[in-house]
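Coordinate-derived values only; no laboratory data. Fair warning: this is a prediction, and the values are worked out from it, not measured in the lab. Positions of Cβ are backbone-derived with ideal geometry, glycine not excepted, and every protein chain shown enters the neighbour counts.
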Amino acid sequence: MTSPAAILSPLLLLFAPPQPAGVAEGRLLPDAAESAVPGERAPGWLALEAVYETPVQRQVRIEQRVIIRIAPSSDAGRQGMSAFVAPQASATRVVERKAGKCLPVASIRAVQPSRDNRLMLFTRDRRVYAARLERSCFARDFYSGFYLERNSDGKLCVDRDKLQSRNGVKCEVQALRRLVAERD
C-alpha cells in the first residue's frame with residue numbers, strides 16, 4: 001500500500017515557497033544566509049544541512065606508476081638461445097660467473113624459465129643471466145614473462161625487486177649470475 005506522504009509530496013513541492021539562493025545546489029551558501037530576513041530562522045532542514053556540510057578539500061595528489069613487461073622470446077630467437085642454455089655434448093660448456101647485484105632493465109630483451117628453477121634473462125647485447133628466485137617460487141610460473149615496477153635507478157636488483165608473473169605470483173630475485181660459454 002502506498003503511503004499518503006508519497007502521494008502528497010509532489011503536490012507540496014508545487015505550492016512550496018521559492019528557495020533562497022544557494023539552496024538549489026544542495027548547500028547553504030553565505031549569501032543565502034545573509035539574504036534571510038533578520039529575526040527569522042531558516043527552516044530546520046536547511047540549518048541542519050549547514051551544520052553538517054562537508055568541508056571542501058583543495059588537495060591534488062598525482063601518482064605515476066610505470067610497469068615494465070618482459071615477454072618470453074620468440075620461437076626463432078628461443079631456438080638459438082636455448083642452444084646456449086642447454087648445450088649439446090660438444091666442446092663448449094657453460095660456466096657461471098658473478099654478475100653483481102643489479103642489471104639494467106632496459107637491457108633485458110627476453111625471459112625463459114629453466115629446468116633448474118631459475119629464470120634465464122637474455123639481454124640486448126647477447127648476454128645471458130640466470131636469476132634465482134625465492135625458495136617458495138617456481139620459475140615455471142613465469143612462462144609467459146613477468147612484470148616489474150620501474151625504480152628510479154632503472155635496474156633490477158637482488159633482494160630489492162619483486163617480479164610478478166601474469167598469473168599474479170610475486171617473487172623476489174635472490175641472486176644473479178652471468179652464464180658464459182667456454183671452450184675446452
Which value, to two decimals, describes the C-alpha radius of gyration of region 67-183 once divided by 2.2 N^0.38 Å?
1.01
Counting sequence-distant residues (5 or more places) and residues on other chains, those with an amide H built under 5 Å from that of I68 are L148, E149, R150
Compute the signed sum of charges (Lys and Arg +1, Asp and Glu -1) over the other residues within less than 9 Å, Cβ to Cβ, of R178.
+3
Expected vector for region 125-140, Karplus 3J(HN,Hα) from phi with 6.51, -1.76, 1.60 and θ = phi - 60°, integer Hz, x for Gly and Pro, equals 8, 6, 9, 10, 10, 10, 9, 8, 9, 4, 5, 7, 9, 10, 5, 5
Determine, for L14, L163, the number of other Cβ atoms within 10 Å of each Cβ, and report the residues in order from fewest to most.
L14, L163
Amide H of L156: which non-local residues (sequence gap of 5 or more, or other chain) have their own amide H closer than 5 Å, using H built in the peptide plane?
L103, V105
Counting alpha carbon pairs within less than 8 Å and at least 6 residues apart, what relative contact order, in whole percent, applies to region 67-183?
34
Cβ-based net charge around N151, under 9 Å, with every Lys or Arg adding one and every Asp or Glu removing one
0
Amide H within-cut-off set for A110, under 5 Å, with H built and near neighbours excluded:
F122
